[in-house]
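Here is the structure we will look at.
What follows draws every value from the coordinates through simple rules; no lab data is involved. Please read these numbers as outputs of a predicted model, since none were measured by experiment. Positions of Cβ are generated from backbone atoms using ideal geometry, with glycine treated the same way; all protein chains shown enter the neighbour counts.
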Amino acid sequence: MDDLLKAACAAKQNAYAPYSGFRVGASIRSAGGGIYSGCNIENSAYPESMCAEAAAIAAMVGAGEKCITEVLVVGDGEYLCSPCGGCRQQLYEFADGNTPVHICSSEGLRKTVTIAELLPHAFGPQNLSTTKETDS
């Protein structure tokens with residue numbers, strides 16, 4: 001996990017956060033062993049901002065990989081810097097429910113959870129099946 005934390009901290013330093021001042025870095029490990037990182041990028045038109053996790057996913061997909069095996073998010077402050085709802089959905093698209101998500105500060109690990117814990121009853125590719133299932 002140290003390699004993921006180092007990559008996320010380096011990305012966090014490059015964050016563009018002139019409005020909130022809240023810098024976030026994220027790194028993901030792909031099934032191929034690659035490490036991809038990203039930082040948050042704010043925009044004066046707030047909805048156009050990009051989260052660090054989304055930036056890391058874009059770097060991974062741009063490199064031709066499509067499977068996340070581990071995630072690390074680093075941010076400072078009193079509270080955990082866990083992925084937002086949109087990023088949880090984006091992470092789920094490329095991982096499975098058992099994929100670990102390490103939530104860190106610059107000093108190190110604060111908590112590890114799984115994607116399923118972050119996004120219970122997630123909507124994913126399997127939900128697009130044409131087979132109708134009912135709850136029992």
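Brief remarks follow.
- Alpha-carbon spread of the stretch 27-80, three principal axes, descending order, Å: 35, 27, 11
- Between the alpha-carbon centres of the stretch 49-65 and the stretch 79-116 there is a gap of 15 Å.
- Spacing of the two label points (7 Å from each Cα toward its C-beta) at GLU78 and GLU117, in nm: 2.3
- Full-extension gain in nm, ASN14 to TYR46, via 0.36 nm per residue minus C-alpha separation: 9.7 nm
- Highest-fluctuation residue, CYS39, CYS81, CYS104 considered, GNM on the chain with Cα pairs under 10 Å: CYS81
- Label point distance in nm, ASN127-ARG110, each placed 7 Å from Cα along Cα→Cβ: 2.7
- Taking the Cα centre of the chain as reference, the dipole from Cβ charges on Lys and Arg (+1) and Asp and Glu (-1) amounts to some 120 debye.
- The percentage of C-alpha pairs in the stretch 65-117 whose separation is greater than 19 Å is 24%.
- Divide the volume of the convex hull around the Cα atoms of the stretch 2-125 by the residue count and you get 103 Å³ per residue.
- Cut-off under 5 Å, modelled amide H: who pairs with SER106 long-range: GLY75
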